[in-house]
1. Amide H of Met38 versus every other amide H placed in the peptide plane: which residues, excluding those fewer than 5 positions away on the same chain, fall under 5 Å?
2. Using Cβ counts within 10 Å as a stand-in for footprinting exposure, how do Tyr97, Tyr70, Tyr45 rank, fewest first?
3. Please list 3J(HN,Hα) in residue order for segment 62-74, calculated via the Karplus relation 6.51 cos²θ - 1.76 cosθ + 1.60 where θ = phi - 60°; whole Hz, with x for glycine and proline.
4. Taking amide hydrogens as modeled 1.01 Å from N in the peptide plane, which residues meet the under 5 Å criterion relative to Gly128, leaving out close sequence neighbours?
5. Taking the alpha-carbon distance from Lys87 and a cut-off under 18 Å, which aspartates and glutamates remain once sequence neighbours fewer than 8 residues away in the same chain are dropped?
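Values in this text are rule-based calculations from the coordinates and carry no lab data. Please read these numbers as outputs of a predicted model, since none were measured by experiment. Heads up, the Cβs are rebuilt from the backbone with ideal geometry, glycines too, and the neighbour counts pull from every protein chain shown.
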Amino acid sequence: MKLPRLLLLATLFATCIGFVAAEDKTPAKPAAAADGEMVEVTFTYKPTRREAATIKEVTVAGEFNTWDPYATEMKKQDDGTWAVTVKIKKGKVQWKYLVNGNWIQNMEPVVDRITPKPDRFVGDPYGGKNCENDF
């Protein structure tokens, strides 16, 4: 006798929960609002003639790849510049380059050899300066 009552109670409980879940009218966020609008950005670095022969790799790191220094490798182009195009979330983004695994601590001196041109420079926690753009 007790088993049928427990089954009945369990069934009623499950049914009630199912109805409550089905009645949940909380609006879901649209995918664009949750993920943000994406934009394509091409990063380029043009080495000086002196450093060109010694460069083996150039990468770009920033808020768009959680500052992973190895996540976004650039490819050497025929004209000697290094470039990569990535999709990033639209908005304010900080970034900087690494050459042969070494951070360019202060991006200001190389501004005439990079794209995109930064909208501003922002100090980093290590005494250097990051580029910042409003994409």
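1. Sorted by chain and number, the residues that satisfy this are Lys90.
2. The order, fewest Cβ neighbours first, is Tyr70, Tyr45, Tyr97.
3. Computed from phi, the couplings for segment 62-74 are x, 4, 6, 10, 6, 6, 7, x, 10, 6, 10, 7, 9 Hz.
4. When sequence neighbours closer than 5 places are left aside, there are no close amide H contacts.
5. The reachable aspartates and glutamates, counting only those whose Cα sits under 18 Å from Lys87, are Asp35, Glu37, Glu40, Glu63, Asp68, Glu73, Glu132, Asp134.
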